[in-house]
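Below is one structure; the comments refer to it alone.
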Amino acid sequence: MSTLTICIVTVFVIGYLCIALESLTRVNKAAIALLMCVLCWTLLMMSPASFYPTIDSGSVVHHIAEVIEHHLGDAAGTLFFLMGAMTIVEIVDSNGGFNFVRETMKTRSKRKLLWRVAFMTFFLSAILDNLTTSIVMIMVLRKLVQSRGDRMIYAALVIIAANSGGAFSPIGDVTTIMLWIKGVITTQGVISEIFIPSLVSMVIPAAILSLHLEGKFDKSQNLPKAEVSQFTKVQRDIIFWLGVGGLIFVPIFKTLTHLPPFMGILLVLGILWTTTEIFHYNTAEDDTMAKRVSDIMSRIDLSTIMFFLGILMAVAVLQEVGVLTAMGEGLNEAFSGNYYVINGIIGVLSSIVDNVPLVAGCMGMYPVAAEGAMAVDGIFWQLLAYCAGVGGSMLIIGSAAGVVVMGLEKITFGWYMKKISWIVLVGYLSGMLVYWVERMLFF
């Protein structure tokens with residue numbers, strides 16, 4: 001490994017640590033990711049000929065420009081997909097589309113509420129995303145559960161169910177979105193083979209947590225409906241089904257047209273945007289601007305988008321200099337190509353550090369093969385989708401869902417690690433065992 005390669009890896013590792021320790025450094029991880037990206041590419045440009053010895057020295061700079069554009073194109077597909085999906089969810093939420101969730105959850109039984117929370121979060125996360133679903137469910141729980149001790153248990157279950165639900169859906173988690181857009185997993189493959197392991201990884205922790213809850217709440221909590229604009233109930237229902245139904249339709253659109261997934265998202269966003277503008281014709285003028293999509297888009301978390309851009313482009317540098325390939329070969333040699341062990345370790349790591357760069361790194365470490373474990377919908381890629389998604393629940397800082405719940409409910413790292421982490425590990429390993437049995441019996 002050359003000195004310049006060591007410098008690039010060092011910058012990446014330091015940046016990675018700063019991202020993982022964001023709560024201590026209090027520097028937004030998006031800023032660190034962007035700095036890390038630019039510094040890594042700048043270091044590569046200091047001696048480009050050493051990384052591309054077969055290319056003429058006069059054209060190597062032009063070649064790197066083309067390489068950057070290629071990687072940027074791959075990253076842009078993911079970023080536009082996320083921006084479109086986030087906007088669609090914001091439109092539905094801001095117009096009262098999720099009121100039905102509040103009504104569905106009402107019950108006096110603590111254990112009934114736990115199972116309703118578990119399954120509602122699990123399936124909503126598969127359709128929307130684990131971050132948005134976690135926020136919606138925590139807001140609902142605040143209306144239903146007054147006891148902080150009980151609510152912390154429910155909140156922990158929200159994290160587990162959101163990450164498990166996102167793992168089996170191509171649009172439920174950023175990591176599965178990345179793998180799906182890359183083409184290493186298909187909609188049919190990941191749902192048919194990962195659904196049951198993901199469900200097991202949620203049901204077992206939910207069953208254990210239910211042992212900590214007994215009795216009923218003092219009285220039934222009536223949830224007030226969210227304030228919405230002057231839309232009628234029919235209009236709100238139309239917006240909900242256009243948004244959520246559109247997200248479900250995106251994988252079908254990709255299959256039918258063979259266009260990139262972000263094109264399907266833009267189609268759904270365009271239809272939903274046009275519909276809301278038409279609905280606003282009959283509302284008060286001072287109300288329209290507060291709910292219009294142009295205003296909603298200004299509330300999209302651009303720092304998250306910038307973080308993904310920085311991470312994906314920084315990982316691309318490691319791929320270009322051959323570091324990821326070397327790491328992949330090293331893991332294969334160390335564990336004799338046992339993909340269950342390799343992905344199991346990746347899942348545990350995803351609870352410590354962000355799973356986005358981990359998955360991005362794995363996509364660069366391992367080439368897609370025509371057949372075998374590395375083929376499309378092969379054991380490696382499906383296990384990676386499961387382990388990176390579900391494994392993030394082991395620590396509260398291991399996923400976007402965990403971080404947002406930690407902030408909303410003020411759950412401490414120590415409490416979660418002591419009370420919840422071992423429960424998640426049991427579910428995580430049980431899901432992997434179920435996947436192994438599936439492969440042995442049916443595939």
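The values are calculated or read from the model by the stated rules, or taken from the named source; none is laboratory data. Please read these numbers as outputs of a predicted model, since none were measured by experiment. We place every Cβ from the backbone using ideal geometry, glycine too, and count neighbours over all the protein chains shown. Side chains are part of the model used for accessible areas, which takes the heavy atoms of the whole protein and leaves out ligands, DNA and RNA. Shrake-Rupley method; radii C 1.70, N 1.55, O 1.52, S 1.80 Å.
Annotations for the structure displayed:
- With Cα atoms, 0 to 90° folded angle of helix 110-127 axis to the chain main axis: 50 degrees
- Taking every Cα-Cα distance in the chain and sorting them into 10 Å bins starting at zero, the pair-distance distribution P(r) comes out as 4, 20, 29, 27, 14, 5, 1, 0 percent.
- Derived scalar couplings between HN and Hα for the stretch 310-324 equal x, 5, 4, 6, 5, 5, 4, 5, 4, 5, 5, 8, x, 5, 5 Hz in order, rounded to whole Hz, by the Karplus curve 6.51 cos²θ - 1.76 cosθ + 1.60 (θ = phi - 60°), x for Gly and Pro.
- Take the chain with all the other protein chains still there, run a 1.4 Å probe, and you get 44 Å² of accessible area per residue.
- Efficiency of FRET from Cβ geometry, LYS112 and GLN188, R₀ 45 Å, rounded to 0.05: 0.85
- Vicinal HN-Hα couplings computed from phi for the stretch 380-390 (Karplus, 6.51 cos²θ - 1.76 cosθ + 1.60; Hz; Gly/Pro x): 4, 5, 5, 5, 4, 4, 5, 5, 5, x, 6
- When the pairs LYS29/LYS410; LYS112/LYS233; LYS110/LYS143; LYS143/LYS216; LYS106/LYS143; LYS29/LYS419 are compared against a 18 Å limit on Cα-Cα distance, LYS29/LYS410; LYS112/LYS233; LYS29/LYS419 fall above it.
- Rolling a 1.4 Å probe over the protein chains gives ARG151 an accessible area of about 40 Å².
- Accessible area of ILE248 (1.4 Å probe, protein heavy atoms only, ligands and nucleic acids ignored): about 90 Å².
- In degrees, nearest ten, helix 130-144 long axis to first principal axis of the chain (Cα): 30 degrees
- What a 1.4 Å probe finds exposed on the chain is 66% carbon and sulfur by accessible area, rounded to a whole percent.
- Between helix 233-257 and the chain: long-axis angle, C-alpha atoms, 0 to 90°, nearest 10: 30 degrees
- When peptides 231-237, 432-438, 389-395 are sorted by average Cβ neighbour count within 10 Å, with the highest value leading, the order is 389-395, 432-438, 231-237.
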